[in-house]
Amino acid sequence: GLQVAAAWAGMRARVAAAHPDARIDGLLLQRMEKGLAEVLVGYRRDPQTGPAVVLGMGGVLAEIYADAAIRLAPVTPDEARAMIDEVRGLALLRGYRNLPEGDLSALAEAVAAVSWLAVAETPVAEAEINPLIVKTAGAGGVAVDGLIRLET
């Protein structure tokens, strides 16, 4: 409680000093999460190719590696599982070098769920979860940050 209040006061002071006109609407506080890997799950409605879902390495690695799988959306969990197998960087989730296996079923379900934005009642232009932290087999995953932009 007191540590959070002190950290929040410090953040407000730093923002006010750097950007005096900034309006702060609130604070989002969430538990620190750990897992085996961070992945990016994205969706985009391209005017020329149509709706697509993408899966790749997440966090800061998303910007470093051009290692992703893309499909026209929506996809089934089985199709999403094939996408997981295509991303070289996600080998660590497949038990690479005796590492614990990640929850590939939960990841495939997440990819498929995001892909269904293609048929959402309210048209979605783009969406992204980055990172989605994948935990060990059977433990699921956690979407840590995300965005969604509706078509205008």
Two pseudo-spin positions, 7 Å from Cα along C-beta at ALA5 and at ASP46, lie apart in nanometres by 5.2 nm
Relative contact order in percent for the chain (Cα pairs under 8 Å, 6+ apart) equals 25 percent
Over all viewing directions the Cα convex hull of the chain casts an average projected area in nm² of 12.1 nm²
The relative contact order of the stretch 1-65, taking Cα pairs under 8 Å that sit 6 or more residues apart, comes to a percentage of 21 percent
In the stretch 11-53, the trypsin sites (Lys or Arg not before Pro) that sit in a DSSP loop and have at most 10 other Cβ atoms within 10 Å of their own Cβ are ARG23, ARG31, LYS34
Among PRO131, PRO77, PRO20, the residue with the largest mean-square fluctuation in a Gaussian network model of the chain built from Cα contacts under 10 Å is PRO20
Within the under-11-Å Cβ sphere about GLU126, not counting GLU126, Lys/Arg +1 and Asp/Glu -1 give a net charge of 0
For GLU128, GLU86, the accessible-area ranking with a 1.4 Å probe, largest leading, is GLU86, GLU128
Given unit charges at Cβ for Lys, Arg (+) and Asp, Glu (-), the dipole magnitude of the stretch 1-84 about its Cα centre in debye, nearest 20, is 260 debye
To the nearest 20 debye, the chain has a Cα-centred charge dipole, built from +1 on Lys and Arg Cβ and -1 on Asp and Glu Cβ, of 460 debye
With +1 on the Cβ of every Lys and Arg and -1 on the Cβ of every Asp and Glu, the dipole magnitude of the stretch 91-152 about its Cα centre, in debye rounded to the nearest 20, is 340 debye
Largest-first ranking of TYR96, TYR43 by accessible area, probe 1.4 Å, whole protein assembly kept, is TYR96, TYR43
Around LEU107 (Cβ within 12 Å, Cβ-to-Cβ, excluding LEU107; K/R +1, D/E -1) the net charge comes to -2
Once Lys and Arg are counted +1 and Asp and Glu -1 for all other residues with Cβ under 15 Å from that of GLU79, the total becomes -2
For the chain, the charge dipole (Cβ of Lys, Arg +1; Cβ of Asp, Glu -1; about the Cα centre) points to a positive end, and the Cα of VAL75, THR122, ALA6 closest to that extreme belongs to ALA6
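The values are calculated or read from the model by the stated rules, or taken from the named source; none is laboratory data. Remember, it's a predicted structure, so these values are computed and weren't measured experimentally. We place every Cβ from the backbone using ideal geometry, glycine too, and count neighbours over all the protein chains shown. These area figures cover heavy atoms from the full protein model, side chains too; ligands, DNA and RNA do not enter into them. Shrake-Rupley method; radii C 1.70, N 1.55, O 1.52, S 1.80 Å.
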